[in-house]
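The values are calculated or read from the model by the stated rules, or taken from the named source; none is laboratory data. Because the structure is predicted, anything quoted here is derived from the model rather than measured. A quick note on method: Cβ atoms are made from the backbone with ideal geometry, for glycine too, and the neighbour counts reach across all protein chains shown.
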Amino acid sequence: MAAVPGRADDWPQWLGPQRDAEWRETKIVEKFPAEGLKPQWRAPIGGGYSGPAVAGGRVYVMDRQLPAGGKNPANPFDRAQIPGQERVLCLDASNGKMIWHHDYDCPYTVSYAAGPRVTPVAHEGKIYTLGTEGHLLALNATDGAVLWSHDFKKDFNIPTPLWGFAGHPLIDGDRVICLAGGTGSVAVAFHKDTGKELWRALSAKEPGYAPPVIYTYAGKRQLIFWHPESVNSLDPETGRVLWTYPTAPIRFGMTIPMPRQAGDLLFLTSFYNGSLMLRVGPEGPAKVWESRKISEKDTDGLHSVMSTPWIQDGYIYSPCSYGQFRCVNAATGDRLWETYEPTSGKSERWGHAFVVKNGSRWFLFSERGDLIIAKLSPGKYEEVSRSPLLEPTNRDPGRPVVWSHPAFANRSIYARNDREIVCVSLASP
């Protein structure tokens, strides 16, 4: 897997330094204090699903600012043009004070218009961001100056996806690898220093939303792109397609969770089509199993919406379609248990939690704004500790939620809703 260089306590991109949702810092609390967690600092912020990145003593995050008196449509599926700006913010990680911000006009034409979806990437003195309407920027990390930029809609003659451009960019060597869209340009690589296009590949009616990732199979580094028509392996240096595994078309283009590796297995999960487990060998992939559903609620396997699953010791852990946090046997797809406790507390469409491993336990950040320490095993879900962290302020799904992935760095958690970003210490006493 491609890694982003940084200090051991940084979280410089989505899912952390190795893009694997594992927090490797030590001397972290075993339980939360009885009085609950208290922020070290709070800072105001606008709307957005973009999680924070933390690197070199700074926090980088995106938000959206509406004009004075402006508001989003009451119906989140209304795609009328909505005026506003997107912003890239740089804050001091120790106190939340603003160091710089970069703003640009960005009328929205998307469903669920709260704000940007993509977490910034901090890499070697530059910040890479991708906005909801397809603005890819490389900024100077020191002062926010624009070094180069691309406009995906203009560059590739493509429309904005229903839920916007949402695939977190991947740095690999000299390349910034992005999910774009269109004919021959679903996967695109740019030179990270100049913005020059290096290669493009793959075609699809819709690009989907799943971030690219690099895994090693059969001794070969393979760049995995999953869009609503197929999962694909590319040579990350050239963009040459190594293999393609066609899938049944996925409604609304909802390929969202990042594909996950477990040895020679590759796991995919989506709300409508459920799970697909492949075994990848020297000749390419072969199906091991796939899940089925009778209805949106009556499912087997795993039908995740947004959360990237965790695979540990042959078992898969993740929220399912209506917030059922499940444990699934990776070899067979059989479900061992489920609970609503880490997500929405009850059956809710797209009930959600983010899952990050630390040592032998997991930190779960629920859509209700709670931070949870839990032990996950094939036998049961065991909650160790829980504390409110943030107020759920986004009401797009018809209930208050927090749908922004937190960052874990400096023995702290950095998390945001649509009003503020907070830093809370998780260092052991």
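How many residues, within region 25-74, are in a loop (DSSP other than H, G, I, E, B) and either over 21 Å from THR308 (Cα atoms) or out of contact with any Gly (no Cβ under 8 Å at 6 or more places or on another chain) (or both)? Lay out the reasoning, then the answer.
Step one: filter region 25-74 for residues in a loop (DSSP other than H, G, I, E, B), giving 25-27, 29-40, 45-46, 48-52, 56-57, 66-74.
Now restrict to residues that are either over 21 Å from THR308 (Cα atoms) or out of contact with any Gly (no Cβ under 8 Å at 6 or more places or on another chain) (or both): 25-27, 29-40, 45-46, 51-52, 56-57, 66-74.
Residues that pass the stated criteria total 30.
Could you pull out the residue among ALA427, ALA374, ALA407 that is of a type in the set (Gly, Ala, Ser), closer than 27 Å to MET98 by Cα and crowded, with 17+ Cβ neighbours inside 10 Å?
Details: ALA427 fails: crowded, with 17+ Cβ neighbours inside 10 Å; ALA374 fails: closer than 27 Å to MET98 by Cα.
The match here is ALA407.
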For ASP174, work out the one condition from (1) touching a strand residue (DSSP E or B) at 6+ places or on another chain (Cβ under 6 Å); (2) within 30 Å of GLY263 (Cβ to Cβ); (3) surrounded by 18 or more Cβ atoms within 10 Å (Cβ to Cβ) it doesn't fulfil. (3)
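Being in a loop (DSSP other than H, G, I, E, B), farther than 17 Å from TYR128 by Cα, in contact (Cβ under 8 Å) with a residue 24 or more places away in the chain and not hydroxyl-bearing (Ser, Thr, Tyr) is the filter here, so list the residues in region 165-187 that pass it. Can you show your working first?
Quick first cut of region 165-187, residues in a loop (DSSP other than H, G, I, E, B) only: 165-169, 173-174, 180-181, 183-186.
Filter once more, so that each one left must be farther than 17 Å from TYR128 by Cα: 181, 183-186.
Still in the list and also in contact (Cβ under 8 Å) with a residue 24 or more places away in the chain: 181, 185-186.
Scanning region 165-187 gives GLY181, VAL186.
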Pair list, Cβ < 8 Å and 6+ apart or interchain, from region 150-161 residues that are within 7 Å of GLY134 (Cα to Cα) and at pLDDT 95 or above to residues that are aliphatic (A, V, I, L, M) and outside any loop (DSSP other than H, G, I, E, B): ASP151/LEU136; PHE152/LEU136
Return yes when GLY131 is touching a Cys at 6+ places or on another chain (Cβ under 7 Å), farther than 29 Å from GLY253 by Cα, crowded, with 18+ Cβ neighbours inside 10 Å and of a type outside the set (Val, Ile, Thr) and no when it is not. no
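Among residues belonging to region 335-371 that are in a strand (DSSP E or B) and of a type in the set (Phe, Trp, Tyr), point out the one that is nearest to the chain's Cα centre (by Cα). Spell out the reasoning first.
Pass one, region 335-371, residues in a strand (DSSP E or B): 335-339, 353-358, 361-366, 370-371.
Pick out the ones that are also of a type in the set (Phe, Trp, Tyr) and you get 337, 354, 362-363, 365.
Numbers: TRP337: 25, PHE354: 9, TRP362: 17, PHE363: 16, PHE365: 13 Å.
So the residue we want is PHE354.
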Residue in region 231-247 that is surrounded by the fewest Cβ atoms within 10 Å (Cβ to Cβ), counting only those that are farther than 15 Å from VAL213 by Cβ and of a type outside the set (Val, Ile, Thr): PRO246
Please indicate, with yes or no, whether at least one residue in region 250-266 is among the small types (Gly, Ala, Ser), part of a helix (DSSP H, G or I) and crowded, with 17+ Cβ neighbours inside 10 Å. yes
Complete set of residues in region 136-163 that are in a strand (DSSP E or B), surrounded by fewer than 19 Cβ atoms within 10 Å (Cβ to Cβ) and not hydroxyl-bearing (Ser, Thr, Tyr): ASN140, VAL146, LEU147, TRP148, ASP151
